Amino acid sequence: MSRRTLLRAIGAGAALAGPAVLAGCGVPAAYVEPGDRAARDDSGHDRSLDFANWPLYIDTDDENTSERPTLDAFTERTGISVTYTEEINDNDEFFGKISPALMNHQETGRDLIVVSDWMAARFVRLGWVQEMDRTKQPNVTRYLDPQLRSPAFDKGRLHSVPWQSGITGIAYNRRKLGRELRRTSDLWADDLRGRVTLLSGLDESFALLMQADGVDITRWTADDFHAVCDRLEKLVRRRHIRRFTGNDYIKDLDTGDVVACQAYSGDVIQLQADNPDIEFVVPEEGGELWAESLMIPNLARHKRNAEALVDHYYRPEVAAELASWVNYVCPVPAARDVLASSKDEETAALAEDPLIFPDDVMRRRLAIARDIASQERADFARRWNSLVGL
């Protein structure tokens, strides 16, 4: 099971809309003013916190999977106990789960959550998460990957800190194909008709396809989006694209049902362990760099404890331990030297993997896409969903 599970297509319901739409549906405006976001912080006398994350997104002990070494080390060092819940299986589903409380200025029961950056953008726009105190987070300040420091949705990363990062690119079976793929446009070759899949989620798919057109995804336009859709409509009619998928592309690629597909870097690292014929490519035209980020919801009762846990994971030795287990792009480049110094040959080899620690050549091809604004989302989602059959 992958950490980036299938993300459902986005509808135009009230739970997915911006504050203006919510108000128009007869419910109170959803935006929360900065002065109304904090609760009394009980961290001083209650040494605990509640942390909600995705399944299989933290290191576990090989012999006892209920033990999580990096979390246990935090508790041992600080005395802060962590209730860790693997309850986030889908960004939209989780948004719907906690949005009634946040909209109505109520506690969520969670001090720390992890959501994909496109969803984090929605939380920031609605004012549903608190600004972190960086004076309490020296490791974040010192070690956060410069390329992830200031996304368009959260300038300066005031409200979010990457938990793990990753790359959307192209995966293919080199043995079955018999040649290399270098560009996204290579997917449209005649001999790949019916043997290609793309991701079904709007937010997961569109940026890489725009990059194939030479678009700067940090400032893409509606025209750029519709140009991509126009091309895909033709490919769908010709049955060039086998189907649009969630994370089930992993099985299709592994079994050989598809030869090439849009893919996430971390998934491919895991596939390569059992199938060395699988290759991952950051296309020459560019790949999308993304993150799934830690955030502190409004009215969290243990904000200082949560900030301390975030900073714990930015200690290079802790980040290295986590990276060696999850195999996504590590948001702490200094962890590379920690892994490289390992006496375990397999662990030390991870330091040289560009899908965990991208080299300079790869980084020059990576960009973080601007998120879809609330006023754009409904129209874009309607066209995208009709295209992919959702």
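Within the option set 185, 160, being more than 23 Å from the chain's Cα centre (by Cα), within 22 Å of residue 218 (Cα to Cα) and either surrounded by 22 or more Cβ atoms within 10 Å (Cβ to Cβ) or not basic (Lys, Arg) (or both) holds for one residue only, 185. Taking the range 214-237, which residues are without any contact (Cβ under 8 Å) to a residue 24 or more places away in the chain and of a type outside the set (Ser, Thr, Tyr)? If the condition is that a residue be without any contact (Cβ under 8 Å) to a residue 24 or more places away in the chain and of a type outside the set (Ser, Thr, Tyr), then 215, 223, 224, 227, 228, 230, 231, 234, 237 are the ones that fit. Could you tell me whether any residue of the range 126-143 is farther than 23 Å from residue 31 by Cβ, in contact (Cβ under 8 Å) with a residue 40 or more places away in the chain, in a loop (DSSP other than H, G, I, E, B) and in contact with a Leu (Cβ under 9 Å, 6 or more places away or on another chain)? No: the range 126-143 contains no residue that is farther than 23 Å from residue 31 by Cβ, in contact (Cβ under 8 Å) with a residue 40 or more places away in the chain, in a loop (DSSP other than H, G, I, E, B) and in contact with a Leu (Cβ under 9 Å, 6 or more places away or on another chain).
Evaluation of residue 153 against the conditions (1) loosely packed, with under 13 Cβ neighbours inside 10 Å; (2) assigned to a loop (DSSP other than H, G, I, E, B) shows that the sole unmet condition is (1). Of the helices (runs of 4 or more DSSP H) entirely within the range 335-390, those holding at least 3 residues that are surrounded by fewer than 20 Cβ atoms within 10 Å (Cβ to Cβ) occupy 345-350, 360-363, 374-388. The C-beta contact set for the range 265-288 (first residue under 13 Å from residue 249 (Cβ atoms), second residue acidic (Asp, Glu) and surrounded by fewer than 20 Cβ atoms within 10 Å (Cβ to Cβ), distance under 7 angstrom, 6+ apart or interchain) comprises 271/254. Considered as a group, the residues in the range 34-89 that are touching a residue at least 24 places away in the same chain (Cβ under 8 Å), touching a strand residue (DSSP E or B) at 6+ places or on another chain (Cβ under 7 Å) and charged (D, E, K, R) include one that is farthest from residue 103 (Cα to Cα), and that residue is 47. Once the range 72-115 is narrowed to residues that are within 13 Å of the chain's Cα centre (by Cα) and buried (at least 22 other Cβ atoms within 10 Å of the Cβ), the residue that is farthest from residue 201 (Cα to Cα) is 113. Residue count for the range 204-220, restricted to those that are charged (D, E, K, R), surrounded by fewer than 19 Cβ atoms within 10 Å (Cβ to Cβ) and either in a helix (DSSP H, G or I) or touching a Lys or Arg at 6+ places or on another chain (Cβ under 8 Å) (or both): 1.
Values quoted throughout were computed directly from the atomic coordinates according to the rules given, and no laboratory measurement underlies them. This is a predicted model, so every value here is computed, not measured. Every residue, glycine as well, gets a Cβ built from its backbone with ideal geometry; the counts of neighbours run over all protein chains shown.
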